[in-house]
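This report refers to the structure that appears directly beneath it.
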Amino acid sequence: MTVRRVMGIETEYGILQPGRPMANPMLLSSHVVAVHAAAREGARAKARWDYDDEDPLHDARGFRLQRAAAHPSLLTDDPDRPAPSGDGPQELERPAVEEYEDPGAANVILTNGARLYVDHAHPEYSSPEVTNPLDAVRWDRAGEQVMLASVRTLMSSPALPDVTLYKNNVDGKGATYGTHENYLVDRAVPFGDLAARLIPFFVSRQVFTGAGRVGLGQRGEHAGFQLSQRADYVEAEIGLETTLRRPLVNTRDEPHADPARWRRLHVIVGDATMLEVATYLRLGTASLVLWLIERAVAEGGAGGALGAIDRLTLRDPVQATRLVSHDLTLTTRLELADGRYLTALEIQRTYLDAVRSALAHVGDPLDDQTSDVLDRWESLLDRLAVDPASCAREVEWLAKLRLLEGMRRRDHLAWDHPRLAAVDLQWSDLRPERGLYHRLVAAGAVELLVTPQEVDDAVVHPPQDTRAYFRGEAVARYGAEISAASWDSVVFDVPGAATLQRVPMRDPLRGTHAHVGALLAASPDAATLLAALGG
Amino acid sequence: MAGQERVHTRRDDEEPGDDATPTPVAPAAQARDAEVDALLDEIDDVLESNAEQFVRGFVQKGGQ
């Protein structure tokens, strides 16, 4: 048993042109992607996104949404319509005419295995697949550096607009944009069970995963502070949509992997977090709860530890999401379907106890990261119950609230004062000299988990233990000979070859350094590599 | 918004019986205030000078 599983984080960044609130955000976002070093080197900019295996309208509940019935912003698999808001190579016909590349559909595949592109009206960094929460933090922080590099380049280019980027999820005027977690989950788990067992977890985890937000209501219509950026935008329990009627559990069933073995759980209710511990525990605890759910199915029944989880069903999960987010005392009791009333902390404690009990039952020794996640989870729940302020080095909403309450006390400000809203926004400005989170880092006021050197390496290099290794290394080594790539494919266009050659990667745990490292090192060019793969 | 500022008023070196003596401001809370004030001094230097204009101009299009 372990916290390890294939996971990743996608982040849409808030974008501004300073002094020009009416600037076109799609244009600004495409500049952010286009000035990236990889895009500027003509060869690598050639690599398009390979949409062949994308299916955003496939619903985990077992049906497909008709394309004509879908809201246009859900159509993410067709580059001509940018969303408005381990086998051998396969031969592909070379297109007769050069394919049209929409400049608005800017897209770069990075040498670290990530995807940098424009999604709706925001620049987005989709991290490479990693196998553990600490690596998720590393490659998420790498994404901040990738974005910051574009901010710097634009600031120093007189011909291009200045842009500032924010790692947050709301503008305070009604708009929200997402930070999505992705977890590879065993297909054997029935989707209904998965959703039912995760909903109370997602509702209650805000107590330590929330990034904090000034303003209550979707448009901040009421003054105040709340735990989460996204809570007020949750409008459904379960659903396919990501841009409207946002659900607690999203049913997009697009595994980017062998669908007979895996589903990709696409979690859209989380906040973007600057605090490394917050990101680490958001992914680490979710991975443990997923293990618990998978294990119950593998063992043929709920029983044991999972019985307590199944009794956590909430009477009204959507309303409970707001209640938890709006309660800074962490004492509000949520009504359960069985008539009990529990606090969010008590619900989290039930999940923790269930995981611990199942682990004890299995009896295997725990790896270091699993132990660390469990100990931190328990410690936070203990301290949040008696002294939340003591968690300000690890929990983002408390770190932010500490500054805001200090400012309110010192300057006698009410919650509707614009300086408090400015603190909330400027908190996540990626520029270290402007971002308030970075001032806290400089003052030693938050806990860090990864070193600057580890983050710098992750900007350039892929994780070694997933297929992101093959993707990133292929782009780094043979970029000029790659015509397209995606999560589960790399398409090579080798000069002189009769056809394009597509290398499928349906298993996220193949294409690792251990698997293909020697092969890549021995292949000076793509033709050699492809011959070896096809061999 | 009151409530989340709950603080321990008992220090490690105090006898349990000392709880009866009211402490006007907990030392831990005082130390925390001083630390926050130091942070605020730093932040004052970088915070947008026209907060109202900055907040009003922070307009985004919805995403996923």
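Just one of A:Arg471, A:Arg477 is open to solvent by less than 40 Å² (accessible area, probe 1.4 Å), in the same structural domain as A:Leu509 (by TED's automatic domain parsing) and closer than 29 Å to A:Ala518 by Cβ; which is it? Step through it out loud before you land on a result.
On the way: A:Arg477 fails: open to solvent by less than 40 Å² (accessible area, probe 1.4 Å).
So the residue among A:Arg471, A:Arg477 that is open to solvent by less than 40 Å² (accessible area, probe 1.4 Å), in the same structural domain as A:Leu509 (by TED's automatic domain parsing) and closer than 29 Å to A:Ala518 by Cβ is A:Arg471.
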message = For the structure I just gave you, tell me whether A:Ala458 is open to solvent by 40 Å² or more (accessible area, probe 1.4 Å), hydrophobic (A, V, I, L, M, F, W, C) and either within 11 Å of chain B (Cβ to nearest Cβ) or in contact with a Phe, Trp or Tyr (Cβ under 8 Å, 6 or more places away or on another chain) (or both).
response = no
key: Selection count where residues are modelled with pLDDT under 90 and open to solvent by less than 80 Å² (accessible area, probe 1.4 Å), scope the stretch B:20-64   = 14
task = Taking A:Val446 as the residue in question, decide whether it is part of a loop (DSSP other than H, G, I, E, B), of a type in the set (A, V, I, L, M), closer than 30 Å to B:Leu39 by Cβ and outside the structural domain of A:Arg402 (by TED's automatic domain parsing).
result = yes
inquiry  = Which numbered condition in (1) at pLDDT 95 or above; (2) within 12 Å of chain B (Cβ to nearest Cβ) is the only one that A:Val146 fails?
reply    = (2)
query = Give me the pairs: first residue in the stretch B:34-45 and within 7 Å of another protein chain (Cβ to nearest Cβ), second residue open to solvent by 60 Å² or more (accessible area, probe 1.4 Å), beta-carbon distance under 7 Å, and six or more apart or on different chains, which are they?
reply = B:Asp37/A:Arg410; B:Leu40/A:Arg410
ask   = Can you find a residue in the stretch A:505-514 that is touching a helix residue (DSSP H, G or I) at 6+ places or on another chain (Cβ under 7 Å), assigned to a helix (DSSP H, G or I) and open to solvent by 40 Å² or more (accessible area, probe 1.4 Å)?
value = yes
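Residues checked against (1) at pLDDT 65 or above; (2) among the hydroxyl-bearing types (Ser, Thr, Tyr); (3) open to solvent by less than 30 Å² (accessible area, probe 1.4 Å):
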residue: A:Leu16; (1), (2), (3): yes, no, yes
residue: A:Ala23; (1), (2), (3): yes, no, yes
residue: A:Met26; (1), (2), (3): yes, no, no
residue: A:Arg44; (1), (2), (3): no, no, no
residue: A:Asp50; (1), (2), (3): yes, no, yes
residue: A:Asp55; (1), (2), (3): yes, no, no
residue: A:Phe63; (1), (2), (3): no, no, no
residue: A:Ala68; (1), (2), (3): no, no, no
residue: A:Gly86; (1), (2), (3): no, no, no
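Looking at the structure I just gave you, is A:Leu92 open to solvent by 10 Å² or more (accessible area, probe 1.4 Å) and at pLDDT 95 or above?
no
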ask   = For A:Ile293, all conditions in the list (1) open to solvent by 50 Å² or more (accessible area, probe 1.4 Å); (2) out of contact with any Gly (no Cβ under 9 Å at 6 or more places or on another chain) hold save one; what is the number of the exception?
value = (1)
task = Considering each of A:Asp465, A:Asp488 in turn, give the residue that is within 20 Å of A:Glu54 (Cα to Cα), within 29 Å of the chain's Cα centre (by Cα) and open to solvent by less than 50 Å² (accessible area, probe 1.4 Å).
result = A:Asp488
key: Hits in the stretch A:235-267 (condition: part of a strand (DSSP E or B), open to solvent by 10 Å² or more (accessible area, probe 1.4 Å) and either of a type in the set (Lys, Arg) or within 29 Å of A:Val490 (Cβ to Cβ) (or both))   = A:Arg252, A:Trp262, A:Arg263, A:Arg264
query = Is it the case that A:Val185 is more than 14 Å from chain B (Cβ to nearest Cβ), within 19 Å of A:Gly270 (Cα to Cα) and at pLDDT 95 or above?
reply = yes
remark   = Of A:Arg409, A:Arg393, the only residue that is over 23 Å from A:Gly307 (Cα atoms), under 23 Å from the mean Cα position of the chain (by Cα), open to solvent by 30 Å² or more (accessible area, probe 1.4 Å) and assigned by TED's automatic domain parsing to the domain that holds A:Ala305 is A:Arg393
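Return yes when A:Arg115 is under 30 Å from A:Leu366 (Cα atoms), open to solvent by 10 Å² or more (accessible area, probe 1.4 Å) and away from every other protein chain (no Cβ under 13 Å) and no when it is not.
No, not satisfied.
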task = For A:Gly270, work out the one condition from (1) in a loop (DSSP other than H, G, I, E, B); (2) at pLDDT below 95 it doesn't fulfil.
result = (2)
inquiry  = A:Asp364 - would you say it is more than 25 Å from A:Pro247 (Cβ to Cβ) and either open to solvent by 30 Å² or more (accessible area, probe 1.4 Å) or under 25 Å from the mean Cα position of the chain (by Cα) (or both)?
reply    = yes
Filtered residue count, the stretch A:182-208, keeping only those that are out of contact with any His (no Cβ under 8 Å at 6 or more places or on another chain), outside any helix (DSSP H, G or I) and open to solvent by less than 30 Å² (accessible area, probe 1.4 Å) = 5
ask   = Mind checking which residues of the stretch A:439-462 are within 22 Å of A:Ser150 (Cα to Cα) and either within 21 Å of the chain's Cα centre (by Cα) or among the aromatic types (Phe, Trp, Tyr) (or both)?
value = A:Thr451, A:Pro452, A:Glu454, A:Val455, A:Asp456, A:Asp457, A:Ala458, A:Val459, A:Val460, A:His461, A:Pro462
task = Among the residues of the stretch A:418-433, write down those that are within 8 Å of chain B (Cβ to nearest Cβ) and farther than 16 Å from A:Glu396 by Cβ.
result = A:Pro418, A:Arg419, A:Ala421, A:Ala422, A:Glu433
task = Output the helices (runs of 4 or more DSSP H) that fall wholly within the stretch A:291-407 and possess 2 or more residues being at negative phi and within 14 Å of another protein chain (Cβ to nearest Cβ), or say none.
result = A:317-326, A:344-362, A:368-386
ask   = Which residues, taken from the stretch A:435-453, are under 19 Å from A:Ala114 (Cα atoms) and crowded, with 16+ Cβ neighbours inside 10 Å?
value = A:Val450
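The values are calculated or read from the model by the stated rules, or taken from the named source; none is laboratory data. Bear in mind that the values here come from a model prediction, so they are computed numbers and not experimental data. Please note: Cβ atoms are built from the backbone with ideal geometry, for glycine as well, and neighbour counts cover all protein chains shown. The protein model used for the area step is the full one, side chains on, heavy atoms only, and it has no ligands, DNA or RNA in it. Shrake-Rupley method; radii C 1.70, N 1.55, O 1.52, S 1.80 Å.
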